[in-house]
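For reference, the structure discussed in these notes is given below.
The values are calculated or read from the model by the stated rules, or taken from the named source; none is laboratory data. Here the structure is a predicted model, which means the values were calculated and not measured. Glycine also receives a Cβ, built like all others from the backbone with ideal geometry; neighbour counts cover every protein chain displayed. When the accessible area is computed, the model is the full protein with side chains, heavy atoms only, and any ligands, DNA or RNA have been set aside. Shrake-Rupley method; radii C 1.70, N 1.55, O 1.52, S 1.80 Å.
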Amino acid sequence: MSGLNNVPRIHALPRELADQIAAGEVVERPASVVKELLENAIDARADHIRIDLERGGITRIRITDNGHGIHPDDLRQTLDRHSTSKLSEGGALQRVQTLGFRGEALGAIASVSRMTIQSSCDDSGQGLEMQCSGSSIEYVMPVAHRAGTTVEVRTLFFNTPARRKFLRTEWTEYQHVQYVIRQIALSHFSTGFHVTHNGRKVMTYPAVSADYARRVAAIAGQEFIHKARPLDYSAAAFHLWGWLGDPAIARNQSDRQYLYLNGRAIRDKHLNHAIRVGYADRIYPGRYPCYVLFLEMDPALADINVHPAKHEVRFAHTRDVHDFIHAAVADTLTAGRVPEPAVAGDGSHSAKVAQEINTVEVRESGGPLPATGSLQTQPAQIRAVLQGRFLIFEDAQATILFDLQAARMTLARQALAQVRAGHRVVQKPLLLPVSREYPRSMLDKLEDRLDMLAVIGVDVVRQAPDSIMLRQLPAFLEFADAAGLFDDLVAALDRSAACDDDIDEIVLGHVNDRQGSLTHEDLCRIIDAIMQTEYTGARTPPVYRRLSADDLLALLGGR
Ligand code: ADP
Ligand code: MG
C-alpha cells in the first residue's frame, strides 16, 4: 500500500461545493440571510429598507434598499468568494467601518437558494437583474429599477435537503427573523424599516434623527423604555451608553438583551456576565435583565473576525472591558437611589422601618444578639433588598433587617483599626487610576507625606513633577468614590498639621460613597464577617435588628 499511485492528491473544490461549505457557516436559517442582506443594505448607506417575507422567510425573503447600488460591471462578481467593495488592498482589517468585509455572504446564500439581484446606481430607472440558482448564474438582463438594490432569496436550502430538514416551523423561523430585524433596526436609527410577512404589514420603524428613545420604545417596548435607566459612561478607552431595563421587567429568557460593539450586534458571554453581575441581587437567579447597550471602543482592540457571522468578538483586554461594563451598569443602577439618613422622608412603611435601624439600639430590639456565628444564612434565604441598602433575611429564629451601609462601615472601622495596629493591609488596584495635577512646589512639599497614606493601603505615586496618581485603595474602600477621596486626602495632607486621625476620618467618610452592587456571595460574606465582629458599642452603628410581627406587616405595606 505504498507508492505515488496510492497517495490521495490535492485539488481545488468545485465552486459550488466550496460555496456550500462556506454557506454552512454563514447561512444557518432564514434569519441569517436576512442579517446578511440587511447589513449589505446598510453598508450601501440606504436610509430606507423594505423587507418582505413569506412563511417566516423559508420560501421568500426580499429586501429592497435605496442605497448606492451595485456597479453593472460588478454584478456577477458579487457572488465570488472574497470579493468585496469594502476592504481594499492594503486596507487594514482592524479599521473596517462597514458591517461586511469578508465578501462571502452573497455567494454562500446563492449556493443554497434561488436568488435574484436587481440593482441600479442612478435615477434613470434602469438597472440590471441577475438570476441564480444554486451558484450558477441563469441570466443577467436589463430591468426597471430605482436607485438601490433588491435581493430576493427563494426556497432556501432547496438543494441541500439535510439542512432544510433542520428548519423549524414557520413561526419559529419568523421569530428569529424578527429578532434580527429588531437587532439591526435598534442600532441604525437613521434608517427606516418597513416589514411585511405573508403580505401583511408587520413592523414599521420610521427613521429617527435625535429621538433615539422613540426607536427603542418601538422595538423594545413602551414598558421597557418607560422605566429604563439611561446610561452614559466613559472611561479611558471605552464608552458605554444605552438603556438598562428595570429589574422588575426581567424575563425568563434572554430575548430582550441587545448589546452592540461599535454599532454591530454581538453576543459575548463575558460581557453578558458583566452586565448580569452589575444587576446583582436586583434580579432573581435564573431571570434575565433587559437592556439596550452600545459599547464603543477603539476597533483595533476588538477582533470581530472570529466567526463568519461576526457576532463573536475577541478583546485584547477582556478583563478591562468586563470590569468597565460591570462598573458602568452597577453605578447607573444605584445612582440616585442612595438613601440619605433621612430615608423616612419618602414616607413609605419600609423606609420608616428601615430608618429605625439607625435609631433603635440593637440590643433593645428583639432580645439579645445571637452569639457570634450563630446567625447563619444561605444565599437563597435573602428575601429582599430594599433601596439597595437593606437586606431582609431569616436565620433560624427570626426575620432580620440588615443594613449594608452600616455593615460596611463597621467592617471598615475594624479593618482600619487592624491596619493601625500593624496588620497587613489588603489592597485592590483601581480599575481606572485617578490622576491629578498640582503645582510642582506643592507636590514637592507633599511627597514625603504620601507615606501617611501608604501605611493604610492608599497607594499614590508621583507621576511627573506636576502630577500624582492614585493607583490602589485598601479593599475596605472598594465602594469609595476614588476621585473624591483622593481630592480630600490631598487637601488634608496639604494642611501641614494633618495627622493620622484626620486621615482616618476622611477615609471612613468615603466608605459608602457608592451603593455598589453585590452578588449573593458578597452579601453572605459581609453577613458572615459581621457575625465575626464583636459588638463594640457606640462607635459602631447598629447593623441589624430582628423584625417583630408589626415591623413585618409594615414592610409588607400593612399597618
Ligand atoms: P461583503 O458584504 O462582505 O462585502 P457580500 O457577499 O455580502 O460581501 O457582498 C459582496 C459585495 O456586493 C459587497 O461588497 C457590495 O459591493 C455588493 N453588495 C451586496 N449587497 C449590496 C447592496 N444591497 N447594495 C450595494 N452593494 C451591495
Ligand atoms: Mg455582506
Qualifying residue in the range 26-38 (condition: out of contact with any helix residue (DSSP H, G or I) (no Cβ under 7 Å at 6 or more places or on another chain), in contact (Cβ under 8 Å) with a residue 12 or more places away in the chain, within 8 Å of ligand 1 (Cβ to nearest atom) and of a type outside the set (K, R)): yes
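Each row is one residue, and each column tells you yes or no for (1) within 16 Å of ligand 2 (Cβ to nearest atom); (2) more than 18 Å from N66 (Cβ to Cβ); (3) under 26 Å from the mean Cα position of the chain (by Cα).
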| residue | (1), (2), (3) |
| --- | --- |
| N5 | no, yes, no |
| R15 | no, yes, no |
| G24 | no, yes, no |
| E36 | yes, yes, yes |
| R45 | yes, no, no |
| H48 | no, no, no |
Qualifying residue in the range 26-47 (condition: open to solvent by less than 70 Å² (accessible area, probe 1.4 Å), under 17 Å from Q118 (Cα atoms) and not in a helix (DSSP H, G or I)): yes
Some residue of the range 56-65 being among the charged types (D, E, K, R) and more than 10 Å from ligand 1 (Cβ to nearest atom): yes
Filter result (assigned to a strand (DSSP E or B) and open to solvent by 40 Å² or more (accessible area, probe 1.4 Å)) within the range 282-308: Y288, E296, D303
Subset of the range 48-62 [of a type in the set (V, I, T) and either open to solvent by 40 Å² or more (accessible area, probe 1.4 Å) or farther than 19 Å from G125 by Cα (or both)]: I51, I58, T59, I61
Pair list, Cβ under 8 Å, 6 or more apart: the range 59-76 residue closer than 12 Å to L38 by Cα, other residue open to solvent by 60 Å² or more (accessible area, probe 1.4 Å) and within 16 Å of ligand 2 (Cβ to nearest atom): G67/R45
Candidates R256, R200 - the one that is farther than 29 Å from R314 by Cα and either without any contact (Cβ under 8 Å) to a residue 40 or more places away in the chain or aromatic (F, W, Y) (or both): R200
Residue pairs meeting the criteria (Cβ under 6 Å; at least 6 apart or on separate chains; first small (G, A, S), in the range 455-466; second assigned to a strand (DSSP E or B)): G457/Q427; G457/P474
Unmet criterion (only one of (1) within 11 Å of ligand 1 (Cβ to nearest atom); (2) at pLDDT below 95; (3) of a type in the set (G, A, S)) for A46: (2)
Odd one out for K86, checked against (1) outside any strand (DSSP E or B); (2) open to solvent by less than 70 Å² (accessible area, probe 1.4 Å); (3) touching a residue at least 60 places away in the same chain (Cβ under 8 Å); (4) within 14 Å of ligand 2 (Cβ to nearest atom): (3)
Qualifying residue in the range 199-217 (condition: within 21 Å of the chain's Cα centre (by Cα) and of a type in the set (S, T, Y)): yes
Residues located in the range 399-426, provided they are aliphatic (A, V, I, L, M) and either open to solvent by less than 20 Å² (accessible area, probe 1.4 Å) or part of a helix (DSSP H, G or I) (or both): I400, L401, L404, A406, A407, M409, L411, A412, A415, L416, A417, V419
Qualifying positions in the range 439-477 - buried (at least 16 other Cβ atoms within 10 Å of the Cβ), assigned to a loop (DSSP other than H, G, I, E, B) and at negative phi: I456, V458
In the range 503-521, the residues that are buried (at least 16 other Cβ atoms within 10 Å of the Cβ) and of a type outside the set (A, V, I, L, M): D504, H510, N512, D513, R514, Q515, G516, S517, H520
Residue that is under 16 Å from L446 (Cβ atoms) and modelled with pLDDT of 80 or more, where the choices are F486, F476: F486
Among the residues listed as L128, L156, L106, the single one being aliphatic (A, V, I, L, M) and within 16 Å of ligand 2 (Cβ to nearest atom): L106
Condition met for Y279 (open to solvent by less than 10 Å² (accessible area, probe 1.4 Å), in contact (Cβ under 8 Å) with a residue 12 or more places away in the chain and in contact with a strand residue (DSSP E or B) (Cβ under 6 Å, 6 or more places away or on another chain)): no
Search result, residues across the range 485-502 that are surrounded by fewer than 19 Cβ atoms within 10 Å (Cβ to Cβ) and touching a strand residue (DSSP E or B) at 6+ places or on another chain (Cβ under 8 Å): D487
Per-region count, the range 499-521, residues assigned to a loop (DSSP other than H, G, I, E, B), in contact (Cβ under 8 Å) with a residue 40 or more places away in the chain and not hydroxyl-bearing (S, T, Y): 6
R95 being open to solvent by 50 Å² or more (accessible area, probe 1.4 Å) and either of a type outside the set (D, E, K, R) or closer than 28 Å to T172 by Cα (or both): no
Single unsatisfied condition, L261 versus (1) within 21 Å of H188 (Cα to Cα); (2) modelled with pLDDT of 90 or more; (3) open to solvent by 50 Å² or more (accessible area, probe 1.4 Å): (3)
Of residues in the range 110-130 being surrounded by fewer than 17 Cβ atoms within 10 Å (Cβ to Cβ) and polar (S, T, N, Q), the one nearest to V26 (Cα to Cα): Q126
Members of the range 68-77 found to be open to solvent by less than 30 Å² (accessible area, probe 1.4 Å) and either farther than 21 Å from D122 by Cα or within 8 Å of ligand 1 (Cβ to nearest atom) (or both), listed by number: G69
Filtered residue count, the range 211-236, keeping only those that are part of a loop (DSSP other than H, G, I, E, B) and either modelled with pLDDT of 90 or more or surrounded by 14 or more Cβ atoms within 10 Å (Cβ to Cβ) (or both): 2
Single residue of D65, D80 found to be surrounded by 17 or more Cβ atoms within 10 Å (Cβ to Cβ) and within 15 Å of ligand 2 (Cβ to nearest atom): D65
